[in-house]
Amino acid sequence: MTLDELKKGEFAIIESLLSSSYKLKLVEMGIFKGRQIESIEEAPFRDPICYRVNNSKIMLRNEEAKSIVVRKCENPLI
Amino acid sequence: MNTIQKIYLVGNPNSGKSSLFNQLTGLEQKVANYPGVTTEKKTGVVLKQDQYFEITDLPGCYSLYPNSIDEKVVSETLLNTNPDLIIFTADASNLNRSLLLYTQVADLKIPIIVVLNMVDELDKKGEYIETSILEKELDTKIISCNSRKGKGIDTLWDFLIQKEYKISQNTFGKKDLFAEYHLDEQFSYRTWHEYVNKSEKNAIIENTKRKEIINRYNQIEEILSLTLKKTQKAFKQKMWSDRIDQYALHPFWGIIAMLSILYIVFQFLFYIAQYPMEGLDWSFSVIASWLQNTLPKGLFSLFLTEAIIPGISGVLIFIPQIALLFFMNTWLEESGYLARMVFLLDRWMRKFGMSGKSVLPLLSGNACAIPAIASTKTISTHKERLITILSIPFMTCSARLPVYTLLISIIIPINYQGLALLSLYFLGIFSAIIFSFVLNKIIKTNETSFLIMEIPPYRWPSMKNIFTNIRNAVKSFVKVAGKFILTISIILWFLASFGYQEKTIKNVPLENSFVAHIGKFIEPAIEPLGYDWQIGVALVTSFAAREVFVSTLGTLYNIGAEPDENTMLQTMKLQINPKTNTPVFTLATGISLLLFYAFALQCMSTLAAIRKETGTYKWAIISFISMSILAYLSALLSYKIIS
């Protein structure tokens, strides 16, 4: 699944990033393979969505979230 | 010897970098404008113990690979100049990400020191940093500060004065990462950046950059496992920032809260600003009449009272509103609420080719377009930024208000005057939206737009920061707009006081002056709109700043030097057009003029700001022409329909 499908309050582990012009920017913000990400707040129409990753809150548009392949995880690593 | 120590401040956005800069330089800063490069870096020179320090605040960024115009400045400055020291500000509560940029900057082999900010926030999370171990791992000196409250600044000064600056001997970006490029024996991280800047952007280089960042993050994780410790009281407590955000970012309550905040902000802006504005207006008219009575009658006294003083007051009158606007902007930004507004509004703004980051510049346009246009720098996509800049002049800036008030009180019955003014505000917003929608369809781009933005924790803004920002904003407004308004009012005074008579240029009454000739020359063009030549002159003179319209009409209709508002209204209502023998100010001409002022880009300073921020004359000319055509056509159409 991709990150935009993750529902509010769910956790996931990032598997890979699809190619895009902002891939490097995502990596710089700490979004890359192996990192845990949590969906925390949704703007009107679920776009953009606010995620917690790399110890901070980052907002991504659905377009960007679609380029992030994730695996849902039930128990968050603390 | 007194050599100047060149010091750069580098760090992530929201890491307390600007507050540190304000603490170090106090009021000794100057905002430097770099022509061509559409961004600013701030510099301040400080004298401490017989030693000069030139401190430069570079824009906040996350890595040395830039994503927007302001971030580009950082890598370019670091690669092309040789500072004596870099003060790196790190956010202790988000050390992980701060250290990413630190390791890149340290690898450039420039003397560096780390200022650790926001240690109190880390403490609230139940964690602390073993500073001595971190110093060893990073091979640099670390000073803990609270730059908002000014703690630790003295220790930092002691270090700066002793000048024991040192290059970190640890290299984080390992050579084998870049092995496939066969760069050369002397390979350094600096040569890698030079190589990247010279080469076309390609997938192989992008791949290496990503590998480099991930590799750095992995090293940072190891360092943090040694240095970041849990305190005894470590507990997992939901931060209050998160609690507020449950409502502030909520699709329904978030919008309600935002609208209320914006409402309060605008009430504040208009109601508070009007008092100092009226005060300034009054004191300038007192000064002018005093000079008129004291100075010997003559050209010089006229020049002083009719060109210089109105020119200066035309600049100063806007200062209260600009100061309040920046108070509001800095407050919204520093508290962290601005990022929440971006989050709530991005989806809507995108429909018009803009981004959530366009909201603040557009709102600021309701006070004055010039600082509003300058504040678009943070928008990372070129197209989104351009559309925002070009839409701002439609918003009802405060210079339109005197024109609107005068015309409305002539043509609209008293009960509907408030409603009329409100509709003009909505007309501004509505036309900005339509214009951006059209631009979005016209402007083509290959660039993918994206919004990857941090939502920082809520923080209490520091008053010192707010006031420094206000001071800088007012200063740059006086510099940019003041130049134009003053110059044009001097030129206009000359054109309005002199005329070509008996083969020489002479001081003549206004109706024989150059300006009157211009007014009569353009009369055929404005006649279809129902205007007489006097209005034509006022249209020309209001080019310096729109509110000049009012004073020009006052002079032209011979109302005397000190027009009382009531007598002015009466005289204007009684004006008869000699050609048609009908009153000049009817509902039709009034509405037509209102629409003209709503759409025409009658402001040289705004045009200059557009030129500066887009880097070319092209967009200034395009927006001037398109807005003028729109103004003329809507004025013509409304006049024809109503009359």
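Please state which one of A:L3, A:L18 is more than 21 Å from B:W348 (Cβ to Cβ), over 11 Å from the mean Cα position of the chain (by Cα) and more than 11 Å from chain B (Cβ to nearest Cβ). The conditions single out A:L18. Of all residues in the range B:582-630, those that are crowded, with 17+ Cβ neighbours inside 10 Å and either touching a strand residue (DSSP E or B) at 6+ places or on another chain (Cβ under 7 Å) or among the β-branched types (V, I, T) (or both) total 7. Across the range A:6-26, the number of residues qualifying as among the β-branched types (V, I, T) and in a loop (DSSP other than H, G, I, E, B) comes to 0. Return the pair list, or none, for Cβ contacts closer than 6 Å from residues in the range B:157-168 that are surrounded by 13 or more Cβ atoms within 10 Å (Cβ to Cβ) to residues that are hydroxyl-bearing (S, T, Y), at least 6 apart or on different chains. Cβ pairs passing all conditions: B:S168/B:T140.
Here the helices (runs of 4 or more DSSP H) wholly within the range B:235-303 that include at least 2 residues being over 33 Å from the mean Cα position of the chain (by Cα) and away from chain A (no Cβ under 14 Å) are B:253-294, B:299-303. The set of residues in the range B:432-460 being more than 14 Å from every other protein chain (Cβ to nearest Cβ) and buried (at least 19 other Cβ atoms within 10 Å of the Cβ) consists of B:A432, B:F435, B:S436, B:L439.
If you go through the range B:91-131 and keep only what is aromatic (F, W, Y) and either assigned to a loop (DSSP other than H, G, I, E, B) or within 14 Å of chain A (Cβ to nearest Cβ) (or both), you end up with just B:Y102.
Just one of the listed residues (B:S19, B:S98, B:S63, B:S93) is of a type in the set (G, A, S), farther than 20 Å from B:V196 by Cβ and modelled with pLDDT of 90 or more, and it is B:S98.
Within the range A:27-76, the set of residues being touching a residue at least 24 places away in the same chain (Cβ under 8 Å), assigned to a helix (DSSP H, G or I) and at the interface with chain B (Cβ under 7 Å from one of its Cβ atoms) comprises A:E64 only.
Filtered by the rule that a residue be under 10 Å from B:I322 (Cβ atoms) and either surrounded by fewer than 19 Cβ atoms within 10 Å (Cβ to Cβ) or touching a Cys at 6+ places or on another chain (Cβ under 8 Å) (or both), the range B:461-475 gives a lone residue, B:V474. All of (1) part of a helix (DSSP H, G or I); (2) at positive phi hold for B:G353 with one exception: (1).
Checking the structure you have, find out if any residue of the range B:106-121 is touching a helix residue (DSSP H, G or I) at 6+ places or on another chain (Cβ under 9 Å), in contact (Cβ under 8 Å) with a residue 40 or more places away in the chain, among the β-branched types (V, I, T) and surrounded by fewer than 22 Cβ atoms within 10 Å (Cβ to Cβ). The answer is yes; a qualifying residue exists.
Exactly one residue out of B:E137, B:E180 is surrounded by 14 or more Cβ atoms within 10 Å (Cβ to Cβ), charged (D, E, K, R), in a helix (DSSP H, G or I) and touching a helix residue (DSSP H, G or I) at 6+ places or on another chain (Cβ under 9 Å), and it is B:E137. Only a single criterion out of (1) of a type in the set (S, T, Y); (2) over 23 Å from B:R459 (Cα atoms); (3) away from chain A (no Cβ under 14 Å) is not satisfied by B:S355, namely (3). Restricting the search to helices (runs of 4 or more DSSP H) fully inside the range B:555-643 and requiring at least 3 residues that are at pLDDT below 85 and among the aromatic types (F, W, Y) gives an empty result.
The values are calculated or read from the model by the stated rules, or taken from the named source; none is laboratory data. The shown structure was predicted, so the numbers you read here are calculated from the model rather than taken from an experiment. Cβ sites come from the backbone with ideal geometry, for glycine too, and all protein chains shown count toward neighbours.
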